Every structure is written in C-alpha cells, then in structure tokens.
Amino acid sequence: MLEITDLQAKAGNREILRGITLTVEPGEVHAIMGPNGSGKSTLAQVLAGNPAYEVTGGSAIYDGKDLLAMPPEERAQAGVFLAFQYPVEIPGVSNAYFLRTAFNAIRQSRGEDEVDPIEFLDYMEKKLELVDMDVEMLSRSVNMGFSGGEKKRNEILQMAVLEPRLALLDETDSGLDIDALRIVANGVNALKRPDNATIVVTHYQRLLNYIVPDYVHVLAHGRIVKSGDKGLALELEAKGYDWLVEPQGAVA
Amino acid sequence: MGGSIETLVNREYQYGFVTDIEAETIPRGLDEQTVRLISAKKNEPQWLLDWRLKALARWTTMKEPHWSNVKYEPINYQDVIYFSAPKTAKKLGSLDDVDPKLREMYGKLGISLSEQKRLNNVAVDVVMDSVSVGTSFKAELNKLGIIFCSFGEAVREHPDLVRKYLGSVVPHSDNFFAALNSAVFSDGSFCYVPKGVRCPMELSTYFRINAEGTGQFERTLIIADEGAYVSYLEGCTAPKRDTNQLHAAVVELIALKDATIKYSTVQNWFAGDENGEGGIFNFVTKRGKCAGENSKISWTQVETGSAITWKYPSVILQGDNSVGEFYSVAVVNNHQQADTGTKMTHIGRNTRSTIVSKGISAGQGNNSYRGQVKMMPKAANARNYTQCDSMLIGNRCGAHTFPYIEVQNPTATLEHEASTSKIGEDQIFYLTQRGISRENAVSMIVAGFCKDVFKELPMEFALEAQQLLGITLEGSVG
C-alpha cells in the first residue's frame, strides 16, 4: 500500500530525513520510535504533505501513485490521515462545520453525494461515543479551549469520521494521562480494518501496550537503524536508545 | 521549500466593463456656476439651491484634512466632472420602460430587477451614476405609508420632510467632504417610515460610477418615525477605470423614539490593479442620530473594494436608553488602504454602544481602525463594548489601531479588547490535510474570523459578503 524508498527531506537548511526505506501493507500497524530529533515526526509530516518540509530525494508510492507529487488535500482524499502532535486552533469555525466540510470534500472527490447537516449529526453520534466526547463539543470552535487530552481525542474523532486508509499518528500519546491514553488507543483499535494501515510515531513503549504493532522501526539521525517486532519496543524500554544510536549519525 | 509563496492570482475584476449609454455630463471643474447648473438640471426649488451654495461657500474656505493614515496623490478638484445623467429623459413608470442597455448592465451586475427580486421581498431603487432610474414596489410601500424613493423625487414630492431633516445629522460645515457633497450631491435614496410601522422588506440601492472622471456624490436620508423599523441594504460595484474616481457620499439616519434603523453595506468598488493603479477613493460621511428614547441604529459593513477607504459610520446617542452598533469587516489587499472605524457619542442616560471591528490585511495593504467613544457629562450609566481584531496575511501588510476614549461622566463603563493574529500555514495545512481545498481553507478561516460581523448581515448579504471575501483574498496566502 505504501512503499517508501530512500526518502530524504529537510526543513529550511536542516537535513532531517536522510534516506528512509519502508513498506507498509494493508492491515499492518507500524511503530516508529527513536530519540528526539531523529526525524520521527518529520516522516509523518512529509507523508501528509506539510509544506514546511522539502523533499530532497527518494520516493513514496501510495496505491501505485506518487504520493509526494500530490498536494495535501489530494492525499487526504486518497485516504491519508495525520493525527497532529499539536492540533491547531481555528477560532470561529465550529467543529461540526469543519468536520462536515472535510467529510463532504472527501466524499465529493470519490463521486459520492454530500450529506446535509442532519444526516451528518446522526453519523456523528456513534463516532462521538468512540472517543467518549459529548455532542456539545460540536458547536465549539475547532480545538478552542480544549485541554491537551481533548485535542488528541478530537484528532481520533476526526479519524473516525473520515475513515482513512493510511493513518499517521504523530506522537498521539504525548501529554496524555492514562485514562485519555486508553480512550485514544481504544478509538484507534476500533478503527482497525484489514484494508487500512496505521503508522504510529511514539517515544514511549506505553502506547504500544494498547496499540500493538506488527513492526517496530527505530529512527536515528534520519535513518531507520533497526526494525523488529513488538519485542523490540520492550527492549528499548529496558535499554534506552544508546545501544542502537551512535553520535554523528553512524549506524550500529 | 519553506512557506510555498504562491504567485498572486488576481482574478480579473469581473465587473470591469463600461456601459456605453450616452451620458450627459457637464464640463469639469467646480464653482458657483457648476452648482447652479446641477440644481437647474434637477429642477430644484430655490431653498435647495441656496443650501447648496452655502455649502460651496463654506467648502472653498476649508482645507482637505490629512490626519488619516492613508496616502494618495493630491486630488485636483477642478479636474472632476460633477454631474452625469443617462439620456433617458422620461420618468419611468415600470421596469419595462428601462433602457435595454441599462437592463443589460443590471444583468451583468447580477442584479435582477425582475419578479425574482420581488419574491425575495426586496424593493430596489436603482441609481445609475447621478440619476435614479425606476423604483419598484412603490405601491406596496405606499399602502403602509412608507416613502422610499430617490432623493431627487423626495425633494419634489416631500419637500417638508427633506427640509426638516437634511443636514440635521451631518451639517455641511461638518468636514471638507461633507461640504463638497452638500454643494454638488447628485442623487441618492430617501426613506421615511411612519409612526409604528415596521417596513416589511429590506430596502436596497445598487449603483455604479460610470462616466470617466465623474465624482459620485450620493446623498441618502433615512428617517424612522416613532416606533418604526427599517432595514436598508447598500451594495455597489463599479467598472474598471484608469483614472481615480472620487466618491464622497453622505448618509444621514434619524431614529425617533422607540425606532430602529439597520443599515448594511457590502462595498466592492474597483480597488486598483495589482500595482495600485486606478481604483476608487471612497471618502464617506455616514452618521446616525438616535434622537428619541429607546431608539437604535445599527451599522454593518463589509468593505472589500476601493483603492482608499476613509469612513466612520457613527452614532449620536442622544435619546436616553438609545443603542448604537457598529459591525465591520474591512479588507485590504494588494495596495489598498483603509482608515475606517466609528464614533459613538453618548449624550443620553443608559445609552449603550457596541463596536466590533475586524480588519484583514493582505498583500501590501494597510488597514487602520480609528474609533472614538465619547461619554458626555450627562451620559449616566452609559456603556460601551469595543472589540477590534486584526488579521494579517503575509509579511508585507499593515494593521493599525487608533482608539480614542473621552469620558466625562464617572458612572460610564467602557470595555476594550483588541487582538492581532496571523493566518498561518499551520492552520491551512490542518484543513487541507482533512481534504479541504486550500482556497476553501482560507475562506473558512477568514469567515470564522469575521463570524461576529457576518451574523449581523441580512441573509442574502451575508452570502454575497462571504463570496466577496473569498474573491478578494484569492492567492494572498503564502
């Protein structure tokens, strides 16, 4: 479904990704771990199409299409979803209006009919239950006055509404307490299907107790330095990253 | 790649065309002869000619003010044509009598003077250049005793009303442009709503500046008698021109006891091309007087056009418990400049005023909010709430705020909030990542920003305003 080959990217003058190669098949959960500055978030952002990053080499083929040539909205319409690490606020725009517009934009790109506000509200009710959020949040402005936990749950709510094929979770667990973590993880797990895939970017092993990965990759200095199964995450928890990561970007 | 600076896509000003109906104009320049000529062409009574001449005399002693935050080439007032009328001589009884070329123009402007408009319950008084053409729904309004006609017609049919109120809110000595307008005003709208009558439809005027070099000097007078209610829409477009066009209108509103006047404007005059060439100069004096107790005057404006906008729709809160409101969205893009705001003068007791100003700056535009809240000595328990927010798009535009507060009564209360924000690539990315196109993303963010003002607009205007905003800001984010 997703074939990344030797992907390189930079932000401004800083090289961050130095050659990532990775393949993701439908039904799989891949965890990306690594120390600060390794490029984990950048990978997710680049795949989603954040214009702040410039791709300098390599490729990413998604469903046979050149992902990197598509603007962000096209990638979204093709089923790519990014759960942001720091969801931004949009004053004056209600969650309901925002979600319905996004939902309809994606439906329209697939040649499907748009839904009206009433139909959409019905559809929303089940999705809200998934992340334990109240219907009244729909009338609030996007992420305005939301606690950190609520913002992260809002990201998963959007994921539930838009039903992506490739979900990129960018440090979704950062800033969450145990209860919020469970809700978020349950939400993600409930959305898992044999035909979609998830890339989970995280620092800590803890999230992976709830969202169990099929593969774990460790990023350091912009490259994948080791891949393994969920056992690798436990090893990292016990030993830290030092045994894998040498200074100056050398590979262990 | 950085911030993906997009090339500016200036959608061609879609109303940029000229109607080649013969326009009857008078020679350029302004002196007593000019004023007499204008007055004679309109068959005005002596008292009005005298009024004009007084204003002209005063104007010649006044100097153009330069305290605003806008810059422009000096205007040669002798190089302007002060009158232009289309050559349809006879008075038009119905819309079918309207010159087909004019009808075509209205069609292009998207103004349907047909039954469709009627179904939307809007009465339309069309002003083309300096002379009114046709009025609709007169009969329906007549039944209620509501007078809605061109200013010129009001002078003929209802001179006592005009004489009583003309200049009562904006005297000709008020300022340079008001004096100029008072001397050479061409036409405009007149409305009188009798005691206790609620006007059942939104009243509206469309007009445009056509002949090159013509200054448009509209004069509008709206009176709501005791307990009356009227909602008025002003919206205008203008053709693309190379020479700057001066627009110095005066609008006076009078609300008597328990009366309400709601005045909404969506303004889209030609703003000049992407190099700042051409464009309308919009120097307007708009003022309302809450003369009676419990009266209310509300100004709502969405300004997206003009090369330069200089206007302060204001309210004089004379009657006890009267209410003044000002809701504004002012957009400047490319090289546009705006110095706009309001003056709320609290004279009576328990008077209230609300000011919500949203300024959006893009391109190399420069936007200034200038507001004055004055609490006079007798304004016991008066309250004002002011919120002025600026949104900056890009790195080359400017937003400024000049709030003035003068309080001479110790029981008055004022609240002032201000914020500045920048539309960021991160907000755009958040929305595009959810499948929303970039263009719609900017629209959504801006609409969210302007929500508090848009919700004050009558429905049909709100839609037009939102579209206008989208068009005005196209290609500006990056």
Query raised in the report: Could you give the radius of gyration (one decimal) and Dmax (whole number) of the Cα atoms in the stretch A:95-161, in Å?
Result: 11.8, 37
Report summary line: Between the modelled labels at B:ASP426 and B:ASN395 (7 Å from Cα along Cα→Cβ) the distance in nm is 1.8 nm
Report task. Can you spot the aspartates and glutamates whose alpha carbon is less than 17 Å from B:LYS358's alpha carbon? Ignore those fewer than 8 places along the same chain. Result -> B:GLU303, B:GLU325, B:ASP339, B:ASP389, B:GLU415, B:GLU417, B:ASP452, B:GLU456
Query raised in the report: To the nearest 20 debye, what charge dipole does the protein assembly as shown have about its Cα centre, counting +1 at the Cβ of each Lys and Arg and -1 at the Cβ of each Asp and Glu?
Result: 2180 debye
Requested in this report: Express in whole angstrom the spacing between the alpha-carbon centres of the stretch A:179-217 and the stretch B:293-318.
Outcome: 55 Å
Report task. Quote the convex hull volume per residue of chain A, based on C-alpha atoms, as a whole number of Å³. Result -> 124 Å³
Report task. Restrict the search to the stretch A:21-82; then list the chymotrypsin sites (Phe, Trp or Tyr not before Pro) that DSSP places in a loop and that have at most 14 other Cβ atoms within 10 Å of their Cβ. Result -> none
**Report entry** Charge sum, other residues only, whose C-beta stays under 13 Å from B:GLN78's C-beta, Lys/Arg counted +1 and Asp/Glu -1
**Finding:** -1
**Report entry** Most positive-pole-ward Cα, B:ASN440, B:SER390, B:SER419, against dipole of the stretch B:382-440 from beta carbon charges
**Finding:** B:ASN440
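Going by how many other Cβ atoms sit within 10 Å of their own, how do B:LYS257, A:LYS126 line up, fewest first?
A:LYS126, B:LYS257
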Report task. Kindly give Rg over Rh for the protein assembly as shown, based on alpha-carbon atoms, with the Kirkwood expression for the hydrodynamic radius. Result -> 1.07
Query raised in the report: log₁₀ I(q)/I(0) of the stretch A:123-227 at q = 0.17 Å⁻¹, via Debye over equal Cα point scatterers, no solvent, to two decimals?
Result: -0.81
Query raised in the report: If you take the C-alpha gyration tensor of the stretch B:411-478, multiply each eigenvalue by 5 and take the square root, what semi-axes do you get, largest first, in whole Å?
Result: 26, 18, 10
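Please express the shape of the stretch A:1-129 as an equivalent ellipsoid: the semi-axes are the square roots of 5 times the eigenvalues of the C-alpha gyration tensor, given largest first in whole angstrom.
Numbers: eigenvalues 185, 60, 42 Å².
So the equivalent ellipsoid measures 30, 17, 14 Å along its semi-axes.
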Requested in this report: Find the Cα radius of gyration of the stretch B:263-346, compare it with 2.2 N^0.38 Å by division, and give the number to two decimals.
Outcome: 1.25
**Report entry** Shielding score for A:60-73, defined as the mean number of other chain Cβ atoms within 10 Å
**Finding:** 2
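Taking the Cβ-Cβ separation of B:ASN43 and B:GLN78 as r and a Förster radius of 30 Å, what is the calculated FRET efficiency to the nearest 0.05? Please report the intermediate quantities before stating the final value.
Working: r = 26 Å, r/R0 = 0.87.
Result of the calculation: an efficiency of 0.70.
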Query - Cα-centred dipole magnitude for the stretch A:150-197, charges only on beta-carbon of K, R (+1) and D, E (-1), debye, nearest 20 - result: 200 debye
Query raised in the report: Quick one: Cα convex hull volume of the stretch A:167-215, Å³ per residue?
Result: 70 Å³
Query - Dipole of the protein assembly as shown, positive direction: furthest Cα of B:HIS346, B:TYR232, B:VAL356, with charges on the beta-carbon - result: B:HIS346
Requested in this report: Count the lysine pairs in chain A whose Cα atoms lie under 26 Å apart, taking only pairs 8 or more positions apart in sequence or on different chains.
Outcome: 24
Report task. With N denoting the number of residues in the stretch A:64-119, provide Rg(C-alpha) divided by 2.2 N^0.38 Å, to two decimal places. Result -> 1.30
Report summary line: Residue span B:HIS416 to B:LYS71: 0.36 nm per residue of separation minus Cα-Cα distance leaves a gain in nm of 121.4 nm
Query - Per-selection Kirkwood Rh - the stretch B:347-465 (Cα, Å, 1 d.p.) - result: 16.4 Å
Report task. Neighbouring Cβ atoms within 10 Å as the yardstick, rank B:LEU53, B:LEU317 fewest first. Result -> B:LEU53, B:LEU317
Query raised in the report: Under a point spin-label approximation (7 Å from Cα along Cα-to-Cβ), what is the B:HIS158-A:SER109 distance to one decimal in nm?
Result: 5.6 nm
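Using a 10 Å cut-off on Cβ to Cβ distances, tally the other chain neighbours for every residue of A:133-142 and report the average as a whole number.
On the way: counts 0, 0, 0, 0, 0, 0, 0, 0, 2, 6.
Averaged over the peptide's residues, the number is 1.
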Report task. Looking at chain A, send over the antiparallel percent of its DSSP beta bridges, to the nearest 5. Result -> 60 percent
Query raised in the report: By counting other Cβ atoms within 10 Å of each Cβ, how are B:TRP67, B:TRP59, B:TRP47 ranked from fewest to most?
Result: B:TRP67, B:TRP47, B:TRP59
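State the three equivalent ellipsoid semi-axes of the stretch B:285-418, derived from the C-alpha gyration tensor as the square roots of 5 times its eigenvalues, in descending order and whole Å.
30, 14, 10
Since every read-out is calculated from the coordinates, none of them should be taken as a lab result. All values reported here derive from a predicted model rather than from experimental measurement. As a convention, Cβ positions derive from the backbone with ideal geometry for all residues, glycine included, and neighbour counts pool all protein chains shown.
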